[in-house]
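First comes the structure, then the notes that go with it.
The values are calculated or read from the model by the stated rules, or taken from the named source; none is laboratory data. Here the structure is a predicted model, which is why all the values come from computation and not from measurement. Glycine also receives a Cβ, built like all others from the backbone with ideal geometry; neighbour counts cover every protein chain displayed. Side chains are part of the model used for accessible areas, which takes the heavy atoms of the whole protein and leaves out ligands, DNA and RNA. Shrake-Rupley method; radii C 1.70, N 1.55, O 1.52, S 1.80 Å.
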Amino acid sequence: LHTRAMLLFASLRQSSRSRWENLQPWAVILETAIYASLCAFTSSMVSLLAACTEEGQSGLEYVAFNCAEGQYNPIASLLVATSHSSVKLLFSGNNAGEIHAASSFLAFLTYTGLNIGLAGLPVPGGAFTATMLMGGLFGRSVGALCHALGLTESLSGVYAVVGSAAMLCGFKQMTLASVLIVVECVNDLNLAAIVMLGVAISMAVNWSMNERGHDEEVIHRKQLPYLEPEPPRSFDALAALDLCTHCSALPPEALLHQVLQALEEDTEYFAVKESDGPCLGIATRQALHSLLPAGVQQADHVYLDVTDVADVLP
């Protein structure tokens, strides 16, 4: 749902931006500045809803914001901070009870909404760590709620780790990479199995809703030229030279007129190969010019050893 919402918001922003084409790039600059102000204002206002909490025994760094010395604001510690420091707080197993379910869930709703609204703006949104943070916020809120209801004795940080990996996997459609990244963040291989389970469920749900990950979908919608991850099966029996629609190829021992004809073409590189054999190497235009003997006419029956100047392939 987050992926679809971002794609929809980016599409709406792109269509509305075309109406202000004559005011670009100033319209985009103004829009970005206004949205940045909105993000700061919203995060600050939501943070004021939290009650100040006494600092615990974990020793982790929280954000005081509007609280007195010796206290911290749990929502501001998650919103009015860098995503890296927020993820560190969520993943920690030493701060049980210091971030309540309501605080993390309210931060999740705020951060997710602002992140979706960022789609389409020409700024580095940090989608990678932002996605991990959203998953961590939701996972931490679920873990804290279950712990408060007496349904589990597991640390809320474990739920944050699983939620972060699941969200990252769903957004990027990466499986093993998401597990490795998150497990390395907490430096605890014992969590690998439960993280794999969360990633598998996330991937199954995502595949039922989205054909591609967010980044690949943007590439397809913008019709950007790119290579598919796997070549077509019909390419298995082909060599690279077979795919050339117009490739300049010379035999290893070429006649003078063949070299001169090749040099008339608008290309800088020439394949060296037998008529039915594999490509032996690549010769540059400058290298072919160095082969041409002085005072020899095109009609002369002279052989030139092209392999002497070609970069021979292994």
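Once log10 I(q)/I(0) by the Debye sum over Cα atoms at q = 0.07, 0.15 Å⁻¹ is calculated for the structure shown, the corresponding label among (i) -0.37, -1.20; (ii) -0.50, -1.13; (iii) -0.31, -1.17 turns out to be (ii).
Angle of helix 192-209 to the longest C-alpha principal axis of the chain, folded into 0 to 90 degrees and rounded to 10: 70°. Ordered by 1.4 Å accessible area with all protein chains kept, Val80, Val195 run largest first as Val80, Val195.
Using a probe of 1.4 angstrom and keeping all protein chains present, the accessible surface of the chain works out to 59 square angstrom per residue. Summing Lys and Arg as +1 and Asp and Glu as -1 over all other residues whose Cβ lies under 13 Å from the Cβ of Glu61 gives a net charge of -1. Taking Cα atoms only, the orientation of helix 176-186 departs from the longest principal axis of the chain by about 50 degrees. For the chain, a Gaussian network of Cα nodes joined below 10 Å ranks Ser164, Ser234, Ser202 by mean-square fluctuation, and the top entry is Ser234. Surface composition of the range 16-119: carbon plus sulfur atoms hold 63% of the accessible area, using a 1.4 angstrom probe and ignoring ligands, DNA and RNA. Helix 101-117 and the longest principal axis of the C-alpha atoms of the chain enclose an angle of approximately 40°.
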